[in-house]
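Values quoted throughout were computed directly from the atomic coordinates according to the rules given, and no laboratory measurement underlies them. Worth saying up front: this structure is predicted, and the values here are computed from it rather than measured. All Cβ positions, glycine included, derive from the backbone under ideal geometry; neighbour counts span all protein chains shown.
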Amino acid sequence: MSSACWSRKSSLKSPGKRSSTEITILGIDPGSIFCGYGVIKSNGRDARYVASGRIAPSASKPLHQRLRLIHEALADIISTYQPTDMVVEKIFFAKSAKAALHLGHARGVVLLAAASGEVTLHERSALEVKKAIVGYGRAEKSQVQEMVKMILNIKGTLYPDSADALALALCYMNTLQFNNALKS
């Protein structure tokens, strides 16, 4: 395991072998200070919570060192959970030019980790995710967080960035279900 520090909010069990009909989806909510992740498994109909947490390099470290730590942690997470698919949020706005650049750098590290881990990458906008999870594209973060907890039957609290990452994974799972229904 690398020297990167990533915290796991909770986990059901170690990944183990997956069945041929089950996929593992890793959602990532990128950020240069907190990078949320969420892992679910899906059999094509239902989602099962596996793990979630956040990668939190020290804000006092220079950006390039935080990015390295995020990459190492993502590599560890990919190695641990072996996702078949990875979903990352599309960038649509930032508070300032500096924040946008930092978010872009963090997002680039996420894309690199997906490519290095040979994980199929998908992107979803915040609007798509909110609509898929809450039914309303302009839903509040707290509404998304509560719906994620309900859908995945999670007791207790979730980091907001972990809830966003799980919402990304669920949104992608919904897309798969919709596409499969069209094929039937």
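General remarks:
- Whole-Hz ³J(HN,Hα) from phi, Karplus 6.51 cos²θ - 1.76 cosθ + 1.60, for the stretch 28-44, glycine and proline x: 10, 9, x, x, 8, 9, 10, 10, x, 9, x, 10, 10, 10, 9, 9, x
- For the stretch 59-184, the dipole from Cβ point charges (+1 on Lys and Arg, -1 on Asp and Glu) about the Cα centre works out to 380 debye, to the nearest 20.
- Normalising by residue count, the stretch 45-156 has a Cα convex hull of 134 Å³ per residue.
- Segments 70-76, 23-29 sorted - mean Cβ within 10 Å per residue, highest first: 23-29, 70-76
- Peptide packing: for 134-146, 45-57, the average count of neighbouring Cβ atoms within 10 Å per residue gives the ranking 45-57, 134-146, highest mean first.
- Angle in degrees between helix 160-183 and the longest Cα principal axis of the chain, rounded to the nearest 10: 40
- The aspartates and glutamates whose alpha-carbon is closer than 16 Å to the alpha-carbon of LYS130, local same-chain residues fewer than 8 away aside, are ASP29, GLU89, GLU140, GLU146, ASP161, ASP164.
- Using the Cβ-Cβ distance between LYS183 and THR80 with R0 set to 30 Å, the FRET efficiency from 1/(1 + (r/R0)^6) comes to roughly 0.40.
- Cα-based radius of gyration of the stretch 116-167 once divided by 2.2 N^0.38 Å, which approximates compact folds: 1.22
- For the residue pairs LYS95/LYS131; LYS41/LYS95; LYS61/LYS98; LYS41/LYS61; LYS41/LYS183, alpha carbon separations beyond 28 Å are given by LYS41/LYS95; LYS41/LYS61.
- Label-point gap, in nm, between GLU146 and HIS64 - each point 7 angstrom along Cα→Cβ: 4.6
- Protection proxy ranking, peptides 161-173, 30-42, average beta carbon neighbours within 10 Å, highest first: 161-173, 30-42
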